1. Over the chain, what is the mean sequence separation of C-alpha contacts under 8 Å (at least six apart), divided by residue count, expressed as relative contact order in percent?
2. Using the charge dipole of the chain (Lys, Arg: +1 at Cβ; Asp, Glu: -1 at Cβ; taken about the Cα centre), state which of Asn289, Ser148, Ala51 has its Cα farthest towards the positive end.
3. Identify which of Leu65, Leu275, Leu333 has the largest mean-square fluctuation in a Gaussian network model of the chain, with springs joining Cα atoms closer than 10 Å.
4. How large is the Kirkwood hydrodynamic radius of region 268-407, counting all unique pairs of alpha carbons, in Å?
5. Among Lys120/Lys168; Lys268/Lys390; Lys122/Lys329; Lys46/Lys235; Lys268/Lys304; Lys44/Lys390, which pairs are too far apart, with a Cα-Cα distance over 19 Å?
6. Can you pull the Kirkwood radius for region 31-187, inverse mean 1/r over Cα pairs, to one decimal in Å?
7. Between Glu291 and Lys324, what is the FRET efficiency for a Förster distance of 25 Å, r being their Cβ-Cβ separation, to the nearest 0.05?
8. Counting other beta carbons within 10 Å of each residue's own, what order do Asp154, Asp396 fall into, fewest first?
Amino acid sequence: MHHTEEAYKRLLEIGRPPNIKRLFPNSKALIVSGKVIDRAMLKKGKAMTIAANGRNYFVIRGALLAAQRANAAIILEIAKSESTYCATNFWNLARRVDALCNELNITVPVAIHADHFTIKNKDDIEKARKQIPSMFDFGITSIAIDASHMPDRDNLLANIELAQYIPKWAGYETEVGEIKGKEGLSTPEEALFLIRGLNAHSIFPDWIALNNGTTHGIQDSEAGIQVDLTAKIHKALEPYKVSGAQHGTSGNSTQRLKEIAEKTRTTKANVATALQMLTWGVKVNEYGNAELDENGEFIKEKDKGVSEELWREMVEYAKKNGLKGGNYKKLNLPFETALLSEPKEIRERMTKAVEEFVYDLIVNVFNAEDTADIAKEIIAKANSYDLGPKAEKIEDEKEWSIEKIKAMEANVKDSGDYDD
């Protein structure tokens, strides 16, 4: 079903949040709240879409082309840590996406998500009061408050504290059971503690991210995502109508990801490492995991990704700076301009590699094909950029007063350094 020009104009008028309309007054890009994307997946059922981490320009470009081709609503995101080692950051992602949508005539709904907005201590909370409003000023339409490094009690308190800085219309993700923590996997109890406590304060997250066996980035265990555990936790959370966000999707088999879409309430699947590797032309397996040679080095495929000459420079730089394996991600910032100044045919193959990979995921694995139409209908029906919460308040605020939460037991966790 293709919307007429008139209908599409109307969607731009009603569907774009105020920050986006102010920043891009003449844009034809349908940048929407993360809530729109979540609802479209729920409406289709057994569907999740990609949240592509736009570590470089070519990832963003390729993901948008794939979404348009698949007629799928998608999310483009960057994490707080990525904002420190990529040219893309919380303050320019929307601008990059908007420019590309207009250039490429992308008409599918796209949300701009600030992923892993990590809070590890009181100091981070203070900084966040300033940072979060600024990020929305620069076009973020969805955010993940990730205080999962802290004890459950402090995680809940941080979310209550910071939720007031998130516009009511925006997508909101929360997180429990720190990803890649040594504490083992999330439990229904931990997830319920966080979601019930938020509910009592009339805070209704769209997504919850769990530590459900993901290891982020380059796969280092056979276990992978635990589908049954995820389904069990989502079942426990049913009365609170919160969807799942799946982190660390790179490195899981197609079968495993299909099951996550089919058997759980997951509507958002983050992919970062695989997309970066594809733009560089590093050999990846079907899971999007980089393959290593006998010396533990990445294998650069001839005629794929960057030129051989640029790849040699990148490897040289990595060696000089002691970057190995997953830490090759630190090459993003120093090499962004070198990537952009590759000859046109090389830039095109970098984009194409991402497009093909993302298209296949959306259509054949995530079941998100044609969700763009569903998302557009949802906006038209609501006649607004603000869809309101999915859940309603069912918990007793008196049981979850700040004083009572503070008196609850804190369970302590370690804190790893990670991102998708």
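Values quoted throughout were computed directly from the atomic coordinates according to the rules given, and no laboratory measurement underlies them. From a predicted model like this one, the values you see are computed outputs, not experimental measurements. Virtual Cβ from ideal backbone geometry, glycine too; neighbours counted across all protein chains shown.
1. Working: 875 pairs, mean separation 104.3, N = 420.
Relative contact order comes out at 25 percent.
2. Value computed over the given set: Ala51.
3. In this elastic network of the chain, the residue with the biggest mean-square fluctuation among Leu65, Leu275, Leu333 is Leu333.
4. Working: mean 1/r = 0.0530 Å⁻¹.
Computed over Cα pairs of region 268-407, the Kirkwood hydrodynamic radius comes out at 18.9 Å.
5. Details: Lys120/Lys168 24 Å; Lys268/Lys390 16 Å; Lys122/Lys329 28 Å; Lys46/Lys235 14 Å; Lys268/Lys304 29 Å; Lys44/Lys390 16 Å.
Over 19 Å apart, Cα to Cα: Lys120/Lys168; Lys122/Lys329; Lys268/Lys304.
6. Values: mean 1/r = 0.0620 Å⁻¹.
Value: 16.1 Å, from the Cα pair sum.
7. On the way: r = 15 Å, r/R0 = 0.60.
Once rounded, the FRET efficiency stands at 0.95.
8. Values: Asp154 21, Asp396 11.
Ascending Cβ contact count within 10 Å gives the list Asp396, Asp154.
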